[in-house]
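Peer 1: Can you read through this structure? Questions will come right after.
Just so you know, all these numbers are worked out from the coordinates, no wet-lab data involved. Note that this is a predicted model, so its numbers are computed, not measured. Because the Cβ atoms are built from the backbone with ideal geometry, glycine has one as well, and the counts that use them run over all protein chains shown.
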Amino acid sequence: MHQPTPLLELRGISKTFPGVKALDNVQLSLYPGRVTALIGENGAGKSTLVKTMTGIYQADAGDILFDGCRVHLSSPEDARALGVTAIHQETVLFDELSVTENIFAGHYLKKPKTGALDWKRMHERAREILLDIEAPIDPKTRLKQLSIGQRHMVAIARALSFDARVVILDEPTAALSHHEIEELYEIVERLKAQGCAIMFISHKFDEIFRIADYFTVFRDGQYIGQGGIEEVSEEELVRMMVGRTVDQVFPKSEVDVGAVVLSVKNLSHPTEFDNISFDLRRGEILGFYGLVGAGRTELMQALFGVSKQITGEVRLKGKLLKVSSPAEAISEGIVYVPEERQAQGTILELPIFQNIGLPQLSTINSSGILSTKAEYEVADRYATRLRVKAPTWHEKVENLSGGNQQKVVIAKWLATKPEVIILDEPTKGIDIGSKAAVHEFMSELVQEGLAVIMVSSELPEVMGMSDRIVVMHEGLSVAELNRADFSAEAIVSAATGGGH
Amino acid sequence: MANLLKNRETQLAAVIVLMLVLIAFVNPDFIAPSNLLSVYTESSILIILALAQMLVVLTRCIDLSVAANVALTGMVVAMINSQYPELTLPLVIAAGVVLGTLLGMINGLMVWKLGIPAIVVTLGTMSIYRGIVFLISNGEWVNSHEMSLAFINTPRTEIFGVQGFAIISLLIIAAIYIFTEKRPLGREMYAAGNSPTAAFYTGIDVGRTQFWAFTISGMLSGLCGYLWISRYAVAYVDVALGFELQVVAACVIGGVSIMGGIGTVLGCVLGALFLGVINNALPVIGISPFWQMAISGSVIVIAVIANSRAERKVGRIILRKATLARG
């Protein structure tokens with residue numbers, strides 16, 4: 001395969017967020033008429049790179065070359081002007097607007113003299129683009145009437161309406177049916193034929209081997225390697241993704257695992273997960289690993305009484321549970337630390353101590369009258385234990401850093417003295433120091449006899465902290481491994497649908 | 001100290017004082033203690049309804065049916081009183097309060113169990129409740145001579161020179177203060193309005209908190225139904241027509257966030273007093289009543305702008321680090 005000059009080239013790109021180095025001196029080349037797959041675990045820096053390429057973020061260091069010339073992308077408009085366009089996993093579109101309006105939002109065609117919107121021309125152009133990608137959708141249909149696959153086609157049409165030269169597909173197949181994926185491949189072929197440079201982000205190896213020409217692997221914000229897809233095997237890619245030079249040290253403590261606390265049998269949900277069974281013992285950390293969208297969060301929410309219409313059996317200390325609301329789950333002793341801290345975890349406007357007391361106001365204030373003193377004492381005990389950093393517990397939670405907010409959420413649940421604590425991505429997006437604190441704390445919890453479920457998409461974390469790991473793939477439990485049998489390759493392979 | 005100056009309630013109180021000073025230049029009698037007391041007394045019903053509305057707004061809802069509730073319960077108590085003058089007053093008032101509570105529960109149930117947006121529900125019940133006033137009264141008035149003396153005069157009874165209207169409103173202020181600060185349900189209303197999702201994950205039934213907010217709103221509207229009729233000594237279909245807007249305005253001026261979760265009893269009371277002062281002062285200083293609405297309206301807009309500026313968090317992520325580093 002001859003190698004043309006890159007259409008878009010990134011050199012030495014670095015991007016730091018407070019406490020996190022998201023990209024560290026990475027490089028990437030995209031060639032006209034070629035598909036380059038960007039491969040990496042969650043948190044490898046792929047999304048940050050996409051945002052850098054589309055002008056949403058500005059790199060701290062490094063050069064972006066377009067057609068051999070250095071360019072500076074200071075805004076999404078700059079990127080659009082060059083023809084760099086991205087189609088995201090969850091594409092942001094407007095439900096109530098027509099297909100045409102969605103395609104041309106922000107760059108409407110106008111009548112040259114009056115400046116009035118030229119709907120006739122936009123409808124025509126929209127129809128042309130849609131026909132071009134063989135998506136026979138009436139441009140005047142409102143978006144909400146379309147299927148997910150059709151919406152995706154609209155998103156692609158929108159990207160093409162910018163005269164795209166570089167197209168970034170960020171996990172485009174995640175929400176598509178088999179048939180729609182085939183159509184997507186055809187569109188990719190057509191874009192290639194038109195000379196577009198395409199970047200393809202996916203976790204699915206069959207897709208990568210099917211449509212990519214080149215690959216680039218990132219790990220932990222660093223560039224690992226690149227090459228032609230024909231010169232590499234799946235095993236080699238997995239090794240590049242997960243292989244670690246410096247192993248992180250996790251404060252995993254040796255705990256005698258006790259009796260079964262939570263027993264789940266054949267738990268199923270009509271659309272999210274099927275036939276899940278596992279046991280959780282006292283003093284155990286059970287890890288749940290899988291790709292985003294594997295059904296892990298939905299499973300945990302079912303245990304917490306959020307999801308309805310589930311079938312199967314959940315027993316807590318042998319007692320059959322039927323929880324239909326979080327309040328019931330909490331009173332049974334199952335608590336859940338959600339993934340979206342800001343939206344789901346805490347009431348940002350309330351002070352720390354009131355957040356910690358919130359799930360059990362009536363227990364703390366047995367007289368029915370709120371006592372600041374009683375609440376503050378409870379909060380003090382747990383916030384101190386979790387080493388929440390704040391001047392006083394009267395501080396509003398919104399003034400805390402992400403890591404400290406997370407500690408407040410955990411403190412809140414510990415105060416309810418639960419049997420089982422479910423942590424969903426407990427260290428997502430928090431700084432390294434807080435991460436270590438949360439990990440240490442998990443070890444303390446199991447030493448005290450709690451049973452912990454940890455959902456994590458970070459392989460080192462899930463391997464470092466868990467006693468056992470359940471791997472989920474597309475709503476099914478595909479592997480269960482004991483600590484002695486942990487291997488990064490086996491886990492990733494199961495999670496990506498390989499090995500069976 | 002700096003915090004106190006930045007505090008919304010302090011600012012609003014300062015504006016009210018400033019307004020009083022300006023009014024005093026034109027008409028010094030206005031700020032005589034006896035007149036200030038009567039301004040407060042005049043504002044009593046607005047204060048009570050504003051506090052009720054605050055609870056609803058805290059939970060991210062709105063109750064547009066309060067004024068219609070006042071009209072309906074007012075008409076019912078007036079008719080009971082004129083038909084059965086021998087019935088003891090507490091029983092009559094209790095009837096109004098129970099009816100008002102039921103009307104509020106209807107709103108609350110539709111929001112909680114059917115998940116209909118509060119603005120739609122109460123826009124509907126607003127018309128329904130007022131329509132019922134017409135149906136039961138046939139559009140006729142109940143005039144003062146048909147009401148018993150006790151019915152009209154009891155809220156005017158003075159204790160240490162303070163009228164019953166004012167005393168009742170002070171009691172309600174205290175009750176709502178205790179409710180919001182000291183009762184679990186009050187705290188849950190703040191939490192539910194501030195972040196319904198987080199409240200849900202914390203085990204709070206958001207719909208239930210909304211139901212109780214509407215119920216309390218209805219209950220206090222029922223009480224105000226009696227107070228209103230007694231105050232003006234006449235009941236008819238258009239009693240308190242459009243008053244819900246004043247009530248919502250008092251909340252907004254008082255710093256209650258229409259997005260829910262933010263608001264204090266003190267702010268809300270000051271918001272109501274602010275409107276009370278304007279309503280009472282404009283005629284006194286010789287400004288045409290036609291200007292009253294325009295002025296009240298402008299004040300609302302200014303208050304909303306001030307609120308949104310106060311709530312805007314410029315450079316939150318970066319500046320937050322700065323303050324934390326200092327602290």
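Peer 1: List the lysines whose Cα sits under 17 Å from the Cα of A:K120, skipping any in the same chain fewer than 8 residues away.
Peer 2: Output for A:K120: A:K110, A:K111, A:K140.
Peer 1: Now for a separate question. Looking at B:V21, A:Y108, A:S277, which one has the Cα that reaches farthest to the positive end of the dipole of the protein assembly as shown (charges on Cβ: Lys, Arg +1; Asp, Glu -1)?
Peer 2: B:V21
Peer 1: Can I ask one more? What does the helix-only formula give at 222 nm for chain A: each DSSP H stretch with n ≥ 4 adding -39500 (n - 2.57), the total divided by the residues, and the result rounded to the nearest 500 deg cm²/dmol? Walk me through the numbers before you get to the answer.
Peer 2: Values: 17 runs with 163 residues, N = 500.
Roughly -9500 deg cm²/dmol at 222 nm, from the helical runs in chain A.
Peer 1: Ordered by residue, what ³J(HN,Hα) values in Hz, to whole numbers, does region A:435-447 give under the Karplus form 6.51 cos²θ - 1.76 cosθ + 1.60, where θ = phi - 60° and Gly and Pro are x?
Peer 2: Residue by residue, region A:435-447 yields 4, 4, 4, 5, 4, 4, 5, 4, 4, 4, 4, 5, 4 Hz.
Peer 1: Report the Stokes-Einstein translational diffusion coefficient (µm² s⁻¹, integer) for region A:394-499, Rh taken as the Kirkwood radius over Cα pairs, at 10 °C with viscosity 1.306 mPa s. Before the final figure, lay out each step's value.
Peer 2: Details: Rh = 15.1 Å.
Translational D for this selection: 105 µm²/s.
Peer 1: Next up: Among A:C69, B:V256, A:G368, whose Cα sits farthest toward the positive end of the charge dipole of the protein assembly as shown (+1 at Cβ of Lys/Arg, -1 at Cβ of Asp/Glu, about the Cα centre)?
Peer 2: So the residue we want is B:V256.
Peer 1: List the residues whose amide H sits under 5 Å from the amide H of A:R468, counting only those 5 or more places along or on another chain, with H placed 1.01 Å from N in the peptide plane.
Peer 2: A:I285, A:G287
Peer 1: Taking each pair of distinct Cα atoms in region A:34-119 once, what is the resulting Kirkwood hydrodynamic radius in Å?
Peer 2: 15.6
Peer 1: Cα-based Rg (one decimal) and Dmax (whole number) for chain B, in Å?
Peer 2: Reported Rg and Dmax, both Å: 20.6, 71.
Peer 1: Hey, another quick one. With unit charges on the beta carbon (Lys/Arg positive, Asp/Glu negative), name the residue among A:V397, A:V462, A:T297 whose Cα is farthest towards the positive pole of the charge dipole of region A:260-495.
Peer 2: Going by the charge dipole, the pick is A:V397.
Peer 1: Would you work out the charge dipole size for chain A about its Cα centre, treating the Cβ of every Lys and Arg as +1 and the Cβ of every Asp and Glu as -1, and quote it to the nearest 20 debye?
Peer 2: 1280
Peer 1: Using a Förster radius of 25 Å, what is the FRET efficiency between A:E328 and A:E480 based on their Cβ-Cβ separation? Nearest 0.05, please.
Peer 2: The value I calculate is 0.35.
Peer 1: Using a 7 Å offset from Cα along Cα-Cβ at A:T363, what residues in region B:170-184 end up with backbone N under 20 Å from the label point?
Peer 2: The answer is B:183-184, whose backbone nitrogens lie closer than 20 Å to the label point.
Peer 1: What is the sum of charges around A:G195, taking Lys and Arg as +1, Asp and Glu as -1, for the other residues whose C-beta is under 10 Å from the C-beta of A:G195?
Peer 2: After counting each charged neighbour, the total is +3.
Peer 1: Okay, moving on. Taking other Cβ within 10 Å of each residue's Cβ, how do B:W228, B:W141 sort, fewest first?
Peer 2: Exposure proxy ranking, most exposed first: B:W141, B:W228.
Peer 1: Any idea what the alpha-carbon Rg over 2.2 N^0.38 Å comes to for region A:260-495?
Peer 2: Compactness ratio reported: 1.00.
Peer 1: So, one more: Semi-axes, largest first, in whole Å: what does sqrt of 5 times each Cα gyration tensor eigenvalue give for region A:8-242?
Peer 2: Semi-axes (√(5λ), whole Å): 31, 21, 15.
Peer 1: In µm²/s, what is D for region B:242-288 at 37 °C and 0.692 mPa s, where D = kT/(6 pi eta Rh) by Stokes-Einstein and Rh is the Kirkwood radius from Cα pairs?
Peer 2: Here the translational diffusion coefficient equals 293 µm²/s.
Peer 1: Also: With bins 10 Å wide starting at 0, give me the P(r) of region B:1-130 over every alpha carbon pair, in whole percents.
Peer 2: Taking all Cα pairs of region B:1-130, the binned fractions are 11, 27, 25, 24, 12, 1 percent.
Peer 1: Just to check I understand the Karplus step: with θ = phi - 60° and J = 6.51 cos²θ - 1.76 cosθ + 1.60, what whole-Hz values come out for region A:267-272, glycine and proline as x?
Peer 2: With coefficients 6.51, -1.76 and 1.60, one gets 6, 9, 10, x, 10, 9 Hz.
Peer 1: Counting every Cα pair in region B:193-308, what percent are over 16 Å apart?
Peer 2: Looking at region B:193-308, the distances longer than 16 Å represent 70 percent of pairs.
Peer 1: Among DSSP beta bridges lying fully in the protein assembly as shown, give the percent that are antiparallel, nearest 5.
Peer 2: Beta bridges within the protein assembly as shown, antiparallel portion: roughly 55 percent.
Peer 1: As an exercise, use a Förster radius of 25 Å and the Cβ-Cβ distance of A:E231 and A:D67 to find the FRET efficiency, rounded to the nearest 0.05.
Peer 2: Values: r = 27 Å, r/R0 = 1.07.
Result of the calculation: an efficiency of 0.40.
Peer 1: What number comes out for the charge environment of B:T209, summing +1 per Lys or Arg and -1 per Asp or Glu over other residues with Cβ under 13 Å away?
Peer 2: Around B:T209, the surrounding residues sum to +2.
Peer 1: Between region A:304-375 and region B:156-173, how far is it from one alpha carbon centroid to the other, in angstrom?
Peer 2: Answer, in whole Å: 42.
Peer 1: Given the Cα atoms of the protein assembly as shown, and with Rh set as the inverse mean 1/r over their pairs in the Kirkwood sense, what is Rg to Rh to two decimals?
Peer 2: Working: Rg = 32.0 Å, Rh = 30.8 Å.
Taking Rh as the inverse mean 1/r over Cα pairs, Rg/Rh reads 1.04.
Peer 1: Also, quick follow-up: Placing unit charges on C-beta atoms (Lys and Arg positive, Asp and Glu negative, everything else neutral), compute the dipole magnitude of region B:1-110 about its Cα centre in debye, rounded to 20.
Peer 2: Values: 3 positive and 5 negative charges, 79 e Å.
Rounded to the nearest 20 debye, it is 380 debye.
Peer 1: What does the charge add up to near A:L267, with Lys and Arg as +1, Asp and Glu as -1, over the other residues with Cβ less than 12 Å from its Cβ?
Peer 2: The answer is -2.
Peer 1: Can you list residues from other chains, or at least 5 along the same chain, whose modelled amide H is less than 5 Å from the amide H of A:I168?
Peer 2: A:T85, A:A86, A:I87, A:M199
Peer 1: Additional query: Can you give the charge dipole size of region A:1-141 about its Cα centre, rounded to the nearest 20 debye, using +1 on the beta carbon of Lys and Arg and -1 on the beta carbon of Asp and Glu?
Peer 2: 380
Peer 1: Something else about it: How long, wide and thick is region B:59-159, going by the Cα atoms along their three principal axes, in whole angstroms, largest first?
Peer 2: 44, 35, 19
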